[in-house]
Amino acid sequence: MAALHRLRQCHPAGIAISHLHTSSRASAKQHYKMLVLGGGSGGIAMSARMKGIMGAENVAVVEPSETHYYQPIWTLVGAGAKTVASSGRSTASVMPSGVKWVKSKVQEINPATNTVRTDDGNEISYEYLIVALGLQLHYEKVKGLAEGLDHPKIGSNYSVKTVEKTWKALQNFKEGNAVFTFPNTLVKCPGAPQKIMYLSDDYFRKTGKREKANLIYNTSLPVLFGVKKYADALWDIVKQRDLQVNLRTNLVEVRADKQEAVFENLDKPGETTVIEYEMLHVTPPMGPNLVVKGSPLADEAGWLDVNKENLQHNRYPNVFGIGDCTNLPTARTAAAVAAQSAILHRTIRKIMKNEKPDKKYDGYTSCPLVTSYNTVILAEFDYNLQPLETFPINQAKERKVMYHMKADMMPHLYWHGLLRGVWGGPAPYRKLLHLGMK
């Protein structure tokens, strides 16, 4: 069960002003004006921004991991186009200088007393709290999957522990079914489960294996992609490349010793289909961060309950959220975090001045849909699943320039822009490129 233990870890998505919950230094051994929970993309970006507002000595980040990963690149790592080493940097190197790094895991959040308890028994009090704890991967919720990941031929681009297994399975593929899954839960980067299918198709064509390969994408969703404009373009690719897509089809069991995957028809509960595979890429079920879920900050489903326009908590006005841990009804991506960071920065500045937040998050998110080793469809959209495109061209078309943006420009923008608190998404450039009309 070693694999199960490794994979269960988290991988870091009305206004009340006058009566903020505050606490004194006497109530805890450590006190910070701004406490940030989580050192993923949202946590580091916001700690950098908060340093600019209130000074580094007043900001602390609670994060146990020694390494920070740029997870969006794992799609390309799983296809052999990038190395896993290129996706990681030391947490110390991305932590804003002067900001206190509390190298512990959050165990309990007590918003009524403005305190957080860590796994080493320490209690930290705060004046303001930003929750950026990401979501939870649940490989154990698919029967046989956690153990199955110790076998060859199975990989998952959603964990640093398993992403290189995808590439090995792809290289070792001889003939038969290559199966790709999308679970019956919310996921982060909802385009990633099918991106690896398109890359695998391209790899098989380049290596002369395509005629012996049957590529199958089984998704629990009733659509190929949530935004119709991009879904239509993807359906065209599916047909052109002879890919098999089964909607409302959910992985329920993996029999690694037999190389079999069992799927349930969600429209006919209890009806299952067994597929033999030569390669299996699994997107695991996902759910709320367990600390958030067990706290008063959660909504009924366990996600951090924030205002969808300004990211302030709906019940605790000195608490804010960003990224995958929140209940914001948009796709959980790094691009969404970037846009949210600019809004949240503005919200907190206003709240600290006892003013009403005046900037609204429109749900902007982006998914660079990698369709081959040199093409991408750049999907950008809002809360209403309407395209919100940066460039004055049809972004539903496969383009080489968008691939280079995904593979080369976006990582640079992440490490040197977002994590330093100076990149808040493309909104200003969108207006400029569309001559002020968007």
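The values are calculated or read from the model by the stated rules, or taken from the named source; none is laboratory data. The model shown is predicted, which means the values in this text are computed figures rather than measured ones. Cβ placement follows ideal geometry from the backbone for every residue including glycine, while neighbour counts extend to all protein chains displayed. All accessible areas refer to the heavy atoms of the entire protein, side chains included, with ligands and DNA or RNA removed. Shrake-Rupley method; radii C 1.70, N 1.55, O 1.52, S 1.80 Å.
Measuring with a 1.4 Å probe in the full set of protein chains, what accessible area per residue, in whole Å², belongs to segment 139-285? Show your work: numbers first, answer last.
Working: 6170 Å² over 147 residues.
I get 42 Å² per residue for this part.
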- Message: I'd like the accessible area for residue 54: 1.4 Å probe, protein heavy atoms, all chains in place, Å² to the nearest 10.
- Response: 20
- Message: I need to check one value: relative contact order of segment 347-438, counting alpha carbon pairs closer than 8 Å and at least 6 residues apart, in percent.
- Response: 21
- Task: Measure up 165/229; 308/356; 153/206; 188/431; 82/239; 195/293 against 24 Å on the Cα-Cα distance and list the ones that go over.
- Result: 165/229; 188/431; 82/239; 195/293
- Item | In nm, spacing of pseudo-spin labels at residue 360 and residue 122 (7 Å Cα→C-beta vector) | 4.1
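Pop out the carbon and sulfur fraction of the accessible area of the chain as a percent, whole number, probe 1.4 Å. Before the final figure, lay out the partial values.
Working: 9030 of 18100 Å².
Roughly 50 percent of what the probe reaches on the chain is carbon or sulfur.
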- Query: Do any trypsin sites (Lys or Arg not before Pro) in segment 144-188 lie in a loop, going by DSSP, with at most 12 other beta-carbon atoms within 10 Å of their beta carbon, and if so which?
  - Reply: 174
- About its Cα centre, segment 139-285 carries a charge dipole, from +1 on Lys and Arg Cβ atoms and -1 on Asp and Glu Cβ atoms, whose size in debye to the nearest 20 is 440
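Would you compute, from DSSP H runs of 4+ residues alone, the mean residue ellipticity of the chain at 222 nm, taking -39500 (n - 2.57) per run and dividing by the full residue count, rounded to the nearest 500?
Working: 13 runs with 110 residues, N = 438.
That calculation yields -7000 deg cm²/dmol at 222 nm.
With the convex hull built on the Cα atoms of segment 345-438, state its orientation-averaged projected area in nm². Write down the numbers at each step before the final one.
Working: hull surface 28.8 nm².
For segment 345-438, the mean projected area of the Cα convex hull comes to 7.2 nm².
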- Note on the structure: Once all protein chains are kept in place, residue 150 shows an accessible area at probe 1.4 Å, nearest 10 Å², of 100
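With r as the distance between the Cβ atoms of residue 83 and residue 242 and R0 = 35 Å, compute the FRET efficiency 1/(1 + (r/R0)^6) and round to 0.05.
Numbers: r = 31 Å, r/R0 = 0.88.
It comes to 0.70.
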- Item | Accessible area of residue 167 in the full protein assembly, 1.4 Å probe (Å², nearest 10) | 70
- Note: residue 175 to residue 113 extended length (0.36 nm per residue) minus current alpha-carbon separation gives 16.3 nm
- Note on the structure: Over its alpha-carbon atoms, segment 139-285 yields an Rg and a Dmax in Å of 14.2, 41
